[in-house]
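S.K.: I have a structure here, written as structure tokens, and I will follow up with some questions on it.
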Amino acid sequence: MNIKEFIEQVGAPARAPKRCSEDAIGLCEVTEVGDGTWQKGSVFTLGDLPKLGQTLEDVGWDDQRGEAGMGKPVWLVFLP
């Protein structure tokens with residue numbers, strides 16, 4: 001599955017405000033750094049065509065992340 005398919009499958013475009021541009025609809029990966037602090041990671045929006053074709057595995061969101069692979073989980077913030 002690529003990033004665009006994932007954004008669409010989770011319903012981000014349907015939930016975004018009507019006047020929202022494609023550059024504002026998407027997701028951002030964040031990493032927990034401790035004490036309630038989060039660090040901003042990769043951002044993917046529907047307006048960023050080159051990044052949208054990447055697969056979840058291409059960006060490191062695979063079975064090695066989270067509890068199953070014992071790596072850090074994938075935390076996502078959906079935009080807007």
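S.K.: How large is ³J(HN,Hα), in whole Hz, for each residue of segment 46-59 in order, when computed from phi with the Karplus curve 6.51 cos²θ - 1.76 cosθ + 1.60 and θ = phi - 60°, using x for Gly and Pro?
M.R.: 5, x, 9, 4, x, 6, 5, x, 5, 7, 4, 5, 4, 9
S.K.: Quick one: net charge of GLY60's neighbours, Cβ under 14 Å, K/R +1, D/E -1? Each step should come with its number before you reach the end.
M.R.: Values: positive: LYS51, ARG65, LYS72; negative: GLU29, GLU57, ASP58, ASP62, ASP63.
Every neighbour counted, the sum reads -2.
S.K.: Starting from the chain, pick out the trypsin sites (Lys or Arg not before Pro) whose DSSP state is loop and whose Cβ has at most 10 other Cβ atoms within 10 Å.
M.R.: The qualifying sites are LYS18, ARG19.
S.K.: Find the relative contact order for the chain and round it to a whole percent, using C-alpha pairs within less than 8 Å whose residues are 6+ positions apart. Before the final figure, lay out each step's value.
M.R.: Details: 114 pairs, mean separation 28.9, N = 80.
In percent, rounded to a whole number, it is 36.
S.K.: Hey, what number do you get for the chain at 222 nm if only DSSP H runs of n ≥ 4 count, each worth -39500 (n - 2.57), divided across all residues, to the nearest 500?
M.R.: Roughly -4500 deg cm²/dmol at 222 nm, from the helical runs in the chain.
S.K.: From the C-alpha coordinates alone, can you work out the Kirkwood hydrodynamic radius of the chain, in Å?
M.R.: Roughly 13.3 Å, rounded to one decimal.
S.K.: With label points built 7 Å along Cα→Cβ from the Cα atoms of VAL74 and GLU8, find their separation and express it in nm.
M.R.: Roughly 1.8 nm, to one decimal.
S.K.: For segment 1-42, what are the per-bin percents of Cα-Cα distances with bins 10 Å wide, up to the bin holding the maximum?
M.R.: Percent of Cα pairs in each bin: 24, 40, 29, 6.
Where a number appears in this text, it was derived from the coordinates with a stated rule and is not lab data. What you are looking at is a predicted structure, and each value in this text was computed from that prediction instead of being measured. Heads up, the Cβs are rebuilt from the backbone with ideal geometry, glycines too, and the neighbour counts pull from every protein chain shown.
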